[in-house]
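Taking it in order: structure first as structure tokens, then the write-up.
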Amino acid sequence: MKRILMKGNEALAEAAIRAGCRAYFGYPITPQNEVPEYMARHMPRAGGVFVQAESEIAAINMVHGASGAGVRAMASTSGPGFSLMTEGLSYMIGSRLPGVVVNVMRGGPGLGNIAPSQGDYFQVTRGLGHGDTHGIVLAPSTVQEIVDLMPVAFELSERYRLPVVIAADGILGQMMEPVTLPEPIAPPPPPDWATTGAVGSPRVISSIYLAPEDLERHVLSLMRTYQEIREREQRWEAYRADDAEVLVVAYGTAARVVRSAVDRVRAQGLAAGLIRPITLWPFPTTAFERSPRRWLVVELSAGQMVEDVRLALSGRAPVGFHGRVGGVVPSPAEVAEAIRSAVVGEVVRA
Amino acid sequence: MIKDMVEVTSRPRSLVDVPLHYCPGCTHGTIHRLVAEAIDSLGIRERTIGVASVGCSVFIYNYLDVDFQQAPHGRAPAVATGIKRVLPDRVVFTYQGDGDLASIGTAEILHAAARGERITVIFVNNAIYGMTGGQMAPTTLSGMKTTTSPYGRDVRQAGGALRVVELLAGIDGVAYAAREAVTSPARIHRARRAVEAAFRAQIEDRGLGIVELLSTCPVNWKLPPVEAVAWCEANMIPAFPLGVLKDTTRSGD
Amino acid sequence: MAVHEIVIAGFGGQGVLFLGEVLAQAALSEGREVTWLPAYGPEQRGGTAYCTVVISSEPIGSPVVSDPTVVIAMNRPSLDRFEHAVRPGGLIVCDSTLTGRAPERTDVQAVAVPATAIAAELGAVRSANVVLLGAALAAHPILAAESVRAALDGMVADPQVVARNAAAFERGAREGSRP
């Protein structure tokens with residue numbers, strides 16, 4: 001297969017089309033603008049639909065409509081726009097609609113800046129709108145992994161009838177790396193529940209259950225799905241972890257920096273390793289069954305995933321945290337120092 | 001003539017034979033019937049997809065025998081856009097109240113209109129929030145008392161009633177825009193024609209079709225149903241003039 | 001094989017991102033791993049634009065580099081900003097027409113080339129970036145000159161520009177190979 005250089009944002013758009021996505025809705029926001037731009041050029045050629053929506057609120061609701069009509073549909077955005085999409089995501093979860101939303105995370109809160117960040121972790125893992133909401137959250141760390149996860153995102157989304165979020169960041173979106181693109185697949189036929197016109201009895205896609213016992217039954221069904229996902233869909237990768245006396249947990253771009261830092265401290269004789277969650281929700285708790293002496297979590301945030309790591313370890317080992325915020329990406333040297341400090345018991349930037 | 005009489009007394013095919021949950025005197029039932037009649041007369045039941053909004057009519061899918069998606073508050077035109085773009089040969093309509101369309105959903109309806117989405121919008125205006133218990137709506141009349149304008153709507157403080165179809169009629173993407181009322185048999189007859197015309201604008205690929213239907217809310221207006229009809233005639237129709245504001249099938253429009 | 005961590009910096013419009021992409025394409029053609037990361041902020045307009053290219057035979061960890069092995073500085077602010085970041089033993093190539101000074105570091109290999117003046121002399125002032133590329137590759141064998149030239153040709157459609165770039169590259173290579 002031919003390797004080509006592609007920007008993360010463009011690669012994800014192309015991979016979505018190749019995965020059978022035939023409807024894209026979006027609104028301009030940096031650092032993900034190459035996605036709608038690419039879709040505007042290429043989606044019509046694939047026989048699909050591109051609409052520049054008037055807002056992220058409208059965009060996610062267009063995904064609602066198209067996905068409910070049985071077509072693989074997606075949107076992409078960054079933090080401020082993702083906040084606006086959470087309303088629609090809650091309705092999609094309540095209505096059991098699939099769909100893929102990419103959040104190319106940037107610095108927050110508020111307008112923040114356009115630099116890379118992982119500050120939306122809580123929002124994507126806990127905050128997909130009001131109510132008891134969850135969706136699978138995939139966190140690629142290379143452009144190739146973005147491409148590889150795109151068909152997975154659509155398949156998982158349809159299997160569980162819940163939206164899937166791909167949590168990337170400004171670096172992954174803007175960076176070019178060599179990628180091998182998969183062969184395009186044909187879009188799957190619309191599922192039975194899709195509203196395509198009531199040739200038989202009418203179908204209804206709705207999230208309203210006025211009677212408490214009805215809504216409870218609905219949410220219990222969602223909870224069974226959530227549990228099934230927790231049991232079956234945890235994904236993570238370990239790097240030089242087997243003999244590690246200190247394990248560093250990081251995802252996305254932060255995991256790449258940690259990988260470099262692990263190599264640095266290994267070269268100096270310190271047995272460090274990396275646990276890289278690929279699913280942020282469900283959090284890969286199975287990666288934490290065996291525990292070394294020390295743990296360190298590195299995030300481009302004020303400390304969010306670290307809470308899941310502490311929950312997964314249930315107090316079995318101390319967990320340090322090293323985070324940079326505001327779009328600052330730590331250097332491998334800085335992280336290497338944080339790993340060394342973690343081993344001697346200091347917690348840097350706790 | 002006999003044929004017409006039969007049609008008036010029979011239940012439209014697209015209207016499900018179940019009791020409505022609406023309050024006594026509410027005109028949603030009448031308007032549901034007008035939509036069902038239009039779907040039947042155009043022969044589009046099997047290729048029509050409705051989008052329900054948030055408000056009293058949220059359960060419209062229990063009454064119309066077509067596929068439905070239920071949209072977040074105000075977002076029905078965006079959901080309808082998503083459906084229509086991926087299924088361009090289907091007929092897609094939204095059914096929205098005044099709070100949904102004229103307050104929280106102004107961006108969605110305005111831009112669906114600007115894009116000339118081939119959808120039909122049934123806009124029910126009763127000048128009040130019904131489902132939440134009688135709060136001031138964007139279409140509440142000046143001086144009208146509601147639970148959130150207890151001293152009467154003060155235009156200086158809360159603005160005046162928003163006339164939405166006039167706004168939308170000025171947008172190029174709108175092919176048909178009309179306002180009618182359902183307060184008398186004659187007006188209902190005109191409303192029926194308007195609803196069908198709003199569907200035709202979509203089916204003939206001309207643009208977005210919208211009908212605003214002046215409606216009543218006896219419970220939240222705190223009036224008996226017959227007086228509510230009279231109040232609508234006396235107060236709403238002067239504030240919201242009836243008629244076809246735009247029809248691209250007519251020359252000069 | 002060595003990991004090359006390259007920062008290319010200059011004004012927006014000097015072909016900073018382009019130069020990085022040439023290196024990335026050439027690395028790809030040699031079967032290497034590579035990352036190309038632009039500074040994508042408002043810096044793209046007016047101020048210092050830069051991109052980071054990492055080339056390795058192994059999977060690349062951080063695409064963000066704090067102590068590059070190679071810096072190509074195309075103006076004074078870039079030289080001022082990145083000169084001190086270069087790893088000891090690394091390489092600095094600068095366009096001395098625009099930097100107005102030579103690198104001061106003595107623990108790195110410094111190549112000052114009047115690239116803008118040379119490019120102007122060649123009748124191709126916009127190819128100053130390519131002069132610097134030729135100089136950098138001659139001073140430090142990051143990639144094979146042939147694959148870089150092929151990548152350079154492959155990224156430009158206009159045959160006149162291809163020819164100008166080729167001349168600029170050769171001239172730069174001569175400058176870079178001077179002791």
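With the condition kept exactly as written, say whether any residue in region A:165-173 is out of contact with any Phe, Trp or Tyr (no Cβ under 6 Å at 6 or more places or on another chain) and either assigned to a loop (DSSP other than H, G, I, E, B) or surrounded by fewer than 24 Cβ atoms within 10 Å (Cβ to Cβ) (or both).
The first filter runs over region A:165-173 and keeps only residues out of contact with any Phe, Trp or Tyr (no Cβ under 6 Å at 6 or more places or on another chain), leaving A:165-173.
Checking which are either assigned to a loop (DSSP other than H, G, I, E, B) or surrounded by fewer than 24 Cβ atoms within 10 Å (Cβ to Cβ) (or both) leaves us with none.
Within region A:165-173, not a single residue is out of contact with any Phe, Trp or Tyr (no Cβ under 6 Å at 6 or more places or on another chain) and either assigned to a loop (DSSP other than H, G, I, E, B) or surrounded by fewer than 24 Cβ atoms within 10 Å (Cβ to Cβ) (or both).
Looking at the structure I just gave you, is A:Gly47 more than 20 Å from the chain's Cα centre (by Cα), within 14 Å of chain B (Cβ to nearest Cβ) and on the phi > 0 side of the Ramachandran plot? So A:Gly47 fits the description; yes. Considered as a group, the residues in region B:193-238 that are under 15 Å from B:Gly130 (Cα atoms) and out of contact with any strand residue (DSSP E or B) (no Cβ under 8 Å at 6 or more places or on another chain) include one that is surrounded by the fewest Cβ atoms within 10 Å (Cβ to Cβ), and that residue is B:Lys222. Elements of the type strands (runs of 3 or more DSSP E) sitting completely within region A:244-306 and holding at least 3 residues that are closer than 29 Å to A:Tyr226 by Cα and open to solvent by less than 10 Å² (accessible area, probe 1.4 Å): these cover A:246-249, A:272-277, A:294-299.
Per-residue answers, yes or no, for (1) surrounded by 15 or more Cβ atoms within 10 Å (Cβ to Cβ); (2) assigned to a helix (DSSP H, G or I); (3) in contact with a Gly (Cβ under 7 Å, 6 or more places away or on another chain):
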position: A:Asp148; (1), (2), (3): yes, yes, no
position: A:Leu156; (1), (2), (3): yes, yes, no
position: A:Glu177; (1), (2), (3): yes, no, no
position: A:Pro189; (1), (2), (3): no, no, no
position: A:Val199; (1), (2), (3): no, no, no
position: A:Ile208; (1), (2), (3): yes, no, no
position: A:Tyr226; (1), (2), (3): yes, yes, no
position: A:Glu231; (1), (2), (3): no, yes, no
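What about A:Pro182, is it away from every other protein chain (no Cβ under 11 Å) and not in a helix (DSSP H, G or I)? Criteria met by A:Pro182.
Among the residues of this structure, B:Ala38 does not count as one that is open to solvent by less than 10 Å² (accessible area, probe 1.4 Å), within 11 Å of another protein chain (Cβ to nearest Cβ) and not in a loop (DSSP other than H, G, I, E, B).
Only a single item in (1) buried (at least 24 other Cβ atoms within 10 Å of the Cβ); (2) at pLDDT below 95; (3) more than 11 Å from chain A (Cβ to nearest Cβ) is not met by C:Val70, and it is number (2). Return the residue satisfying two criteria in turn: it lies in region A:51-98 and is within 9 Å of another protein chain (Cβ to nearest Cβ) and either aromatic (Phe, Trp, Tyr) or assigned to a strand (DSSP E or B) (or both), and of such residues it is surrounded by the fewest Cβ atoms within 10 Å (Cβ to Cβ). Per the stated criteria, the residue is A:Val51. Within region C:106-120, one or more residues are of a type in the set (D, E, K, R), farther than 14 Å from C:Val7 by Cα and at pLDDT 95 or above. For region A:118-140, give me the residue count where each residue is more than 14 Å from chain B (Cβ to nearest Cβ) and open to solvent by less than 10 Å² (accessible area, probe 1.4 Å). Count: 10.
Of all the residues in region C:148-179, those that are buried (at least 16 other Cβ atoms within 10 Å of the Cβ) and of a type outside the set (Val, Ile, Thr) number 16. Remark: pairs (first residue in region B:169-184, open to solvent by less than 10 Å² (accessible area, probe 1.4 Å); second residue of a type in the set (Phe, Trp, Tyr); Cβ separation under 8 Å; 6+ apart in sequence or on different chains) = B:Arg179/B:Phe240.
Can you name every residue in region A:26-45 that is in a helix (DSSP H, G or I) and in contact (Cβ under 8 Å) with a residue 60 or more places away in the chain? Break it down into steps so the answer makes sense when it comes.
The initial filter retains those residues of region A:26-45 that are in a helix (DSSP H, G or I), namely A:34-42, A:44-45.
A:Glu34, A:Val35 - these are the residues of region A:26-45 that are in a helix (DSSP H, G or I) and in contact (Cβ under 8 Å) with a residue 60 or more places away in the chain.
Of all residues in region B:73-84, those being buried (at least 24 other Cβ atoms within 10 Å of the Cβ) and either over 17 Å from A:Pro98 (Cβ atoms) or out of contact with any Gly (no Cβ under 9 Å at 6 or more places or on another chain) (or both) number 8.
Screening the candidates A:Ala73, A:Ala66, A:Ala59 for the property of being more than 25 Å from A:Gln118 (Cα to Cα) and out of contact with any Asp or Glu (no Cβ under 8 Å at 6 or more places or on another chain) yields one hit, A:Ala66.
Any residue at all in region B:99-109 that's buried (at least 18 other Cβ atoms within 10 Å of the Cβ), over 16 Å from B:His73 (Cβ atoms) and in contact (Cβ under 8 Å) with a residue 40 or more places away in the chain? Scanning region B:99-109, I find no residue that is buried (at least 18 other Cβ atoms within 10 Å of the Cβ), over 16 Å from B:His73 (Cβ atoms) and in contact (Cβ under 8 Å) with a residue 40 or more places away in the chain, so the answer is no. Residues considered: C:Ala115, C:Ala151, C:Ala138. Of these, the only one that is closer than 24 Å to C:Asp80 by Cβ and touching a helix residue (DSSP H, G or I) at 6+ places or on another chain (Cβ under 6 Å) is C:Ala115.
Does region B:214-226 include one or more residues that are among the aliphatic types (A, V, I, L, M) and within 30 Å of B:Arg118 (Cα to Cα)? The answer is yes; a qualifying residue exists.
Tallying residues that are more than 14 Å from chain B (Cβ to nearest Cβ) and assigned to a loop (DSSP other than H, G, I, E, B) within region A:99-109 yields 3. For region B:61-72, name all the residues that are in contact (Cβ under 8 Å) with a residue 12 or more places away in the chain and either crowded, with 24+ Cβ neighbours inside 10 Å or facing chain A (nearest Cβ under 7 Å) (or both). Those that are in contact (Cβ under 8 Å) with a residue 12 or more places away in the chain and either crowded, with 24+ Cβ neighbours inside 10 Å or facing chain A (nearest Cβ under 7 Å) (or both): B:Leu64, B:Asp65, B:Val66, B:Asp67, B:Phe68, B:Gln69, B:Gln70, B:Ala71, B:Pro72. Among the conditions (1) modelled with pLDDT under 95; (2) open to solvent by 40 Å² or more (accessible area, probe 1.4 Å), A:Arg41 misses just one, which is (1).
Could you grab me the full set of residues in region A:110-146 that are in a helix (DSSP H, G or I) and either of a type outside the set (Val, Ile, Thr) or not assigned by TED's automatic domain parsing to the domain that holds A:Cys21 (or both)? Even if it seems obvious, please write down each step before you answer.
To start, the set of residues in region A:110-146 that are in a helix (DSSP H, G or I) comprises A:121-126, A:143-146.
Of everything in region A:110-146, those that are in a helix (DSSP H, G or I) and either of a type outside the set (Val, Ile, Thr) or not assigned by TED's automatic domain parsing to the domain that holds A:Cys21 (or both) turn out to be A:Tyr121, A:Phe122, A:Gln123, A:Arg126, A:Gln144, A:Glu145.
If the condition is being more than 8 Å from chain C (Cβ to nearest Cβ) and in contact with a strand residue (DSSP E or B) (Cβ under 6 Å, 6 or more places away or on another chain), then region A:243-261 contributes A:Ala244, A:Val246, A:Leu247, A:Val248, A:Val249, A:Ala250, A:Tyr251, A:Gly252, A:Ala254, A:Ala255.
The values are calculated or read from the model by the stated rules, or taken from the named source; none is laboratory data. Because the structure is predicted, anything quoted here is derived from the model rather than measured. Neighbour counts run over all protein chains shown; Cβ positions are idealised from the backbone, glycine included. The area values use the complete protein model at the heavy-atom level, side chains included, leaving out ligands, DNA and RNA. Shrake-Rupley method; radii C 1.70, N 1.55, O 1.52, S 1.80 Å.
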